[in-house]
Amino acid sequence: MEWKLERTARRRIRTEEEMLWENVMKVLSNDMKQKRSQVSPKVLDSVITTYSNFKSNFLKRLSAELPVASSPIATRWQQRQTGDLACSFGAELSTTDIPESLQSVLGTPEKDTLTPGIYKEPLKFPTKEGYERNNSALCVCEAPHALDRAVKENVASKSQKCPNQLFSAQKVVQKTDGKMQLCDKSQCIWKGCQYGVGDEFFHLKRFCDKNYPICQPEVKIHLTGLRNDYYLNILDWSFKNVVAIALGSAVYIWNGENHNGVENIDLGLTCNYVSSVSWIKEGTCLAVGTSEGEVQLWDVVTKKRLRNMLGHLSVVGALSWNHYLLSSGSRLGHVYHHDVRIAQHHVGTLCHKQAVCALKWSLDGRLLSSGCSDGLLTIWPYDPGASAWGQPLKVLPQSTAVKAMDWCPWQSAVLAVGGGMKDGCLHILDINTGKSIQTPSTNSQICSLIWLPKTKEIATGQGTPKNDVTLWTYPTLSRSGGFFGHRGRVLHLALSPDQTQVFSAAADGTATMWKCCQ
């Protein structure tokens, strides 16, 4: 009895739907007749369709719809390949390398584009030929037989999408090859040097009362493939006096003692670009973070990969060692602790709401500072097995993304943080109290900073308008000097193991090594 009532109800609903559909079609037909009185009735009758045909066609279209991923973290192999990221993180954004002159108009991406729920970053897989492919679904629907030839050509020309007839149209994009070349003062053929940007423009000048001569850099290097990305950390100087810098999909190894032996580790077959590098303190092992979320360990002497540690689903932009413990941070906001001595390397997890820009273990290994794109500076205790619900010791809000930061070598509770474009101030923080000791203004974006223990100074790499490296005395934080000559923002700074030399790399494709003390 119940099924009879149910069938009767279904028939009644269907009858009501059909009546409603007929009324709608009658109204449409009358309206078309009023607007097109000269059109014959046969043509108008051909427009009217039955409700059953409409419903069946509608159900077919729904069943043919392809599933759409609601999150960029579906699985790393299911995400579609695209060309270079529409947003590699800009000025503080710079994935598309937006000029700083346009950043005031476009706005900073710190709180707009880096939220994991908003920022969708497809993973890229380069081919062996050194190209990356952009696979996009492009379908052409065949026109019905009732349409004439002109209508068929019009539909085909518009390339309408049809989920039943998918085929892949591949867009091939040339990858930028990295290159590192020493500048020959007398016969340099680099474009910048040809136009008069010679060594005379690069100089170190002191502002203090002492009689310091104006010094030129010891070495000038031309770089090809250096990404103008504020959120990457692709330069590090090891205790073995070896410099590692990532250019494109390769890591170039340069001897800081004899300035010779430029070699490279090419990761072009496994990644689109290298996003972070960090040397282990106890040997020649180099940790490399990639745009595909991998963390690789390389022996630079044998140029062999020791292991590949998976887990991240986005760009690994920050790395930091604490003896055998390696911490890596990604743009999805996760910080993973890797114990490189064991097979199950992933031992701990920390979580941020937005992209991790910087990671720094303190020199005594007791504290980890992490900078986030939402302006939160977080201090974590030493806990290798930390869970994702672990609580930090302190959270210190900043006005901009926290990328440039470094622990003071002789005061364990002091942390230096560089403000971004909206801030432009150098913050010296006391971690115990959470307050700023000094906050001088630089009137520019601070892209990088390091402490100089020999001279008790801080060096900050800055953006427009000067694109210089400024030296600050500590604790007074007065300007004591600066290194000038770069024509792009100084993205990366590294200190030599003897603490007497500084390596600077800028967005204009130049790198220099200069003495920071006499």
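The values are calculated or read from the model by the stated rules, or taken from the named source; none is laboratory data. Computed from a predicted structure; not experimentally measured. No Cβ is skipped: glycine too gets one built from the backbone with ideal geometry, and neighbour counts run over all protein chains shown. Keep in mind that these areas ignore ligands, DNA and RNA; they rest on the heavy atoms of the full protein, side chains included. Shrake-Rupley method; radii C 1.70, N 1.55, O 1.52, S 1.80 Å.
Couple of notes before you dig in:
- Subset of region 294-308 [surrounded by fewer than 18 Cβ atoms within 10 Å (Cβ to Cβ) and not basic (Lys, Arg)]: ASP299, VAL301, THR302, LEU306, ASN308
- Contacts under 6 angstrom Cβ, first residue in region 250-267 being free of Cβ contacts under 8 Å to residues at least 12 places away in the same chain, partner outside any loop (DSSP other than H, G, I, E, B), 6 or more apart: GLY261/ASN255
- A residue that is open to solvent by 20 Å² or more (accessible area, probe 1.4 Å), assigned to a loop (DSSP other than H, G, I, E, B) and closer than 27 Å to ALA246 by Cβ can be found somewhere in region 466-477.
- Any hit, region 266-282, residues being modelled with pLDDT of 95 or more, aromatic (Phe, Trp, Tyr) and over 24 Å from ILE342 (Cα atoms): yes
- Check on ASN272, open to solvent by less than 30 Å² (accessible area, probe 1.4 Å) and polar (S, T, N, Q): yes
- Filtered residues of region 254-269 (kept if open to solvent by less than 20 Å² (accessible area, probe 1.4 Å) and either of a type in the set (A, V, I, L, M, F, W, C) or more than 16 Å from MET513 (Cβ to Cβ) (or both)): TRP254, ILE265, LEU267, GLY268
- Among strands (runs of 3 or more DSSP E) entirely within region 317-404, having at least 2 residues that are among the aromatic types (Phe, Trp, Tyr) and touching an Asp or Glu at 6+ places or on another chain (Cβ under 9 Å) singles out no element at all.
- Evaluation of TRP279 against (1) touching a Lys or Arg at 6+ places or on another chain (Cβ under 7 Å); (2) free of Cβ contacts under 8 Å to residues at least 60 places away in the same chain (one fails), failing number: (1)
- Taken together, LEU286, LEU319, LEU359, LEU326 contain a single residue that is touching a Phe, Trp or Tyr at 6+ places or on another chain (Cβ under 6 Å), crowded, with 18+ Cβ neighbours inside 10 Å and modelled with pLDDT of 95 or more, which is LEU286.
- Counting the residues of region 393-416 that are surrounded by 15 or more Cβ atoms within 10 Å (Cβ to Cβ), within 21 Å of GLN354 (Cβ to Cβ) and either without any contact (Cβ under 8 Å) to a residue 24 or more places away in the chain or within 22 Å of the chain's Cα centre (by Cα) (or both) gives 7.
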